[in-house]
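Inspection log for the structure reproduced underneath, given as structure tokens.
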Amino acid sequence: MKIEKVGVVGCGLMGHGIVQIAAQGGHEVIALDLDSGALDKGIARIEKSLAKLASKAVEKGRQSEEEAQAWVRDVRARITPSTDIESLRDRDLVVEAIVENLEIKKKLFAELGEKVQAEGILASNTSSFPIGEMAEASGRPSRFVGLHFFNPVQLMRLVEVVRTEATDEDVFAAARAFGEACGKTPVACKDTPGFIVNRLLVPYMVEAIEMLDRGDASKEDIDTAMQLGCGYPMGPLTLTDYVGLDTTLFILEGWTERYPDEPAFRVPASLRQKVNEGKLGRKTGEGYYSWQGDKKS
Ligand code: CAA
Ligand code: NAD
């Protein structure tokens, strides 16, 4: 099956990026959020990002100014904002990118399972929850996959495509082809905690936070060490601010509850404390660093 009509539920940090790359890939996309303020903010971010990509294409001589502007208009025209879940009925694929809370996600998928046309594929962008549980809640486990994109979606070239025992082979193939059409390189993974990337990345972020909490080194030195010592594009504490301290905490709380005997899964004290104080990272202007837009101090 070919995916042409796409819906994305949640237009926050990840959702707005998924909407954008899906539209850039030629799909007709409905961007849906419960919160109309969040939806407006997500659409504004997409417009800013498209303008940036267009001016870069002109600067590099890949397109004329007119061609770049026409491209922006075409991509933007493929995106329809919505706050009404009924608008997703005719979708070939609906990707969920709402808050990392399993009960809220299961409730949404139960509703999507009833509303979206029977052949439609449902997908979750969860960072950490079992795809199988959401697939069961949707009532259509054979037409369900994980589609895990990375932050910032516009720039990161990977998508993890996660299948459960119940996922149909053609559904998996269609989801993989969708990732490719969006300009990403897909990798396949079974339904395991954190899939490939987060199973390796999140315990590393935990170690870095605990190193800071113990006073072994400053946040700047921990970050510089991993950038210059390992060639990582950003250090682990900057990355935690980038991902969102709330999202990082939700991931770890889900894992510690489910796998209490796994030593790699634990919640660092300062992470919980900062989230309680509303310091969620770059998105709120403060996390392990203070942020003014893209600039940290
Ligand atoms: N849209 C369009 N263009 C954008 C953009 C956007 N949203 N964001 C940045 N750009 C442009 C910039 O304007 C810049 O353009 P110029 O070259 O013309 O200046 C270019 O892209 C590069 O931007 P930066 O200068 O900010 O780039 P950088 O070299 O510092 O790289 C980065 C930024 C790609 C984010 C890099 O630091 C990086 O790869 N960091 C690691 C990110 C990472 O690990 N992500 C995974 C997080 S974990 C996750 O996602 C999974 C989970 O479940 C939690
Ligand atoms: P976010 O808080 O930036 O955005 C979530 C959006 O979902 C908000 O705009 C909110 O209004 C909306 N929302 C909440 N409940 C809703 C509902 N029932 N219906 C419609 N909209 C609803 O979160 P985010 O960082 O974009 O994370 C979204 C998902 O992507 C999470 O599952 C997260 O684990 C995963 N993820 C996050 C990252 C990251 O780096 N932040 C990376 C990969 C995957």
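The values are calculated or read from the model by the stated rules, or taken from the named source; none is laboratory data. All of these numbers come straight from a predicted model, not from anything done at the bench. Ideal geometry is used to build each Cβ from the backbone, glycine not excepted, and the neighbour counts take in all protein chains shown. Surface areas here come from the heavy atoms of the whole protein model, side chains and all, with no ligands, DNA or RNA. Shrake-Rupley method; radii C 1.70, N 1.55, O 1.52, S 1.80 Å.
A few points about this structure:
- Applying the criterion of being assigned to a helix (DSSP H, G or I) and among the aliphatic types (A, V, I, L, M) to the residues of region 148-186, the residue that is surrounded by the most Cβ atoms within 10 Å (Cβ to Cβ) is A175.
- Being open to solvent by 70 Å² or more (accessible area, probe 1.4 Å) and in contact (Cβ under 8 Å) with a residue 24 or more places away in the chain is a property that K274 lacks.
- T247 being closer than 20 Å to T126 by Cα, open to solvent by less than 70 Å² (accessible area, probe 1.4 Å), assigned to a helix (DSSP H, G or I) and touching an Asp or Glu at 6+ places or on another chain (Cβ under 6 Å): yes
- Among the candidates V202, V145, V206, residue that is under 24 Å from Q20 (Cβ atoms) and modelled with pLDDT of 95 or more: V145
- Filter result for G61 (within 16 Å of ligand 1 (Cβ to nearest atom), at pLDDT 95 or above, of a type outside the set (S, T, N, Q) and assigned to a strand (DSSP E or B)): no
- Residue count, region 187-237 (criterion: outside any helix (DSSP H, G or I) and over 29 Å from A135 (Cα atoms)): 9
- Conditions (1) free of Cβ contacts under 8 Å to residues at least 40 places away in the same chain; (2) within 15 Å of ligand 2 (Cβ to nearest atom): number failed by E67: (2)
- Those residues of region 254-277 which are in a helix (DSSP H, G or I) and within 16 Å of R199 (Cβ to Cβ), in sequence order: G254, W255, T256, R258
- Every residue from region 103-139 that is among the charged types (D, E, K, R) and more than 15 Å from the chain's Cα centre (by Cα): E103, K106, K107, E111, E114, K115, E119, E133, E136
- Residue count for region 1-12 satisfying the condition of being open to solvent by less than 50 Å² (accessible area, probe 1.4 Å) and either over 19 Å from G179 (Cβ atoms) or away from ligand 2 (no atom under 12 Å from the Cβ) (or both): 4.
- Odd one out for V58 among (1) within 29 Å of S127 (Cβ to Cβ); (2) more than 10 Å from ligand 2 (Cβ to nearest atom); (3) aliphatic (A, V, I, L, M); (4) open to solvent by 30 Å² or more (accessible area, probe 1.4 Å): (1)
- Residues being touching a Gly at 6+ places or on another chain (Cβ under 7 Å) and more than 19 Å from F172 (Cβ to Cβ) - total across region 111-128: 1
- From the list W291, W255, the lone residue that is at pLDDT 95 or above and over 24 Å from L147 (Cβ atoms) is W291.
- Here is the figure for region 22-48: residues that are within 16 Å of ligand 2 (Cβ to nearest atom), in a helix (DSSP H, G or I) and either on the phi > 0 side of the Ramachandran plot or surrounded by 21 or more Cβ atoms within 10 Å (Cβ to Cβ) (or both) total 4.
- Qualifying residue in region 67-76 (condition: in a loop (DSSP other than H, G, I, E, B), in the same structural domain as A135 (by TED's automatic domain parsing) and more than 26 Å from D294 (Cα to Cα)): no
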